[in-house]
Amino acid sequence: MNKLLFFARLKDIVNADQLELDMVGKTVKEVKAELAQQYSDLPLESVMTAINEEFAFDDDIIEENDVIAFIPPVSGG
């Protein structure tokens with residue numbers, strides 16, 4: 001199982017700050033695609049992804065117990 005964390009407006013779209021899903025063996029890109037099917041308003045193309053608190057790339061593979069965080073761009077002044 002994996003914990004998926006959502007921040008800022010992403011958690012409003014998902015209606016939760018975290019989900020527990022089995023994503024083992026999938027790439028970050030595949031995880032994003034699966035989430036996009038469930039939450040069509042989720043802007044995953046513009047978010048940063050981290051695995052276990054380290055920035056991740058679309059081709060990184062998810063392993064058992066990995067924590068995957070989706071971090072939207074920060075704006076403000």
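Restricting the search to the stretch 37-49, which residues are of a type in the set (A, V, I, L, M, F, W, C) and either surrounded by 17 or more Cβ atoms within 10 Å (Cβ to Cβ) or in contact with a Pro (Cβ under 6 Å, 6 or more places away or on another chain) (or both)?
If the condition is that a residue be of a type in the set (A, V, I, L, M, F, W, C) and either surrounded by 17 or more Cβ atoms within 10 Å (Cβ to Cβ) or in contact with a Pro (Cβ under 6 Å, 6 or more places away or on another chain) (or both), then L42, L44, V47 are the ones that fit.
Within the set of pairs 6 or more residues apart or between chains, which connect a residue that is small (G, A, S) inside the stretch 23-43 to a residue that is exposed (fewer than 15 other Cβ atoms within 10 Å of the Cβ) with Cβ atoms less than 9 Å apart?
Matching pairs, first to second residue: G25/I61; G25/E63; A36/E45.
Given the options E20, E30, E34, E54, name the one that is acidic (D, E), at pLDDT 95 or above and surrounded by 15 or more Cβ atoms within 10 Å (Cβ to Cβ).
On inspection, the qualifying residue turns out to be E30.
Which one is farthest from M1 (Cα to Cα) among residues in the stretch 27-52 that are within 12 Å of the chain's Cα centre (by Cα) and among the charged types (D, E, K, R)?
Here the answer is E45.
Does E64 count as of a type in the set (D, E, K, R) and without any contact (Cβ under 8 Å) to a residue 12 or more places away in the chain?
Taking the combined requirement at face value, the residue does not satisfy it.
The values are calculated or read from the model by the stated rules, or taken from the named source; none is laboratory data. The model shown is predicted, which means the values in this text are computed figures rather than measured ones. Don't worry about glycine lacking a Cβ; one is built from the backbone with ideal geometry, like all the others, and counts go over all protein chains shown.
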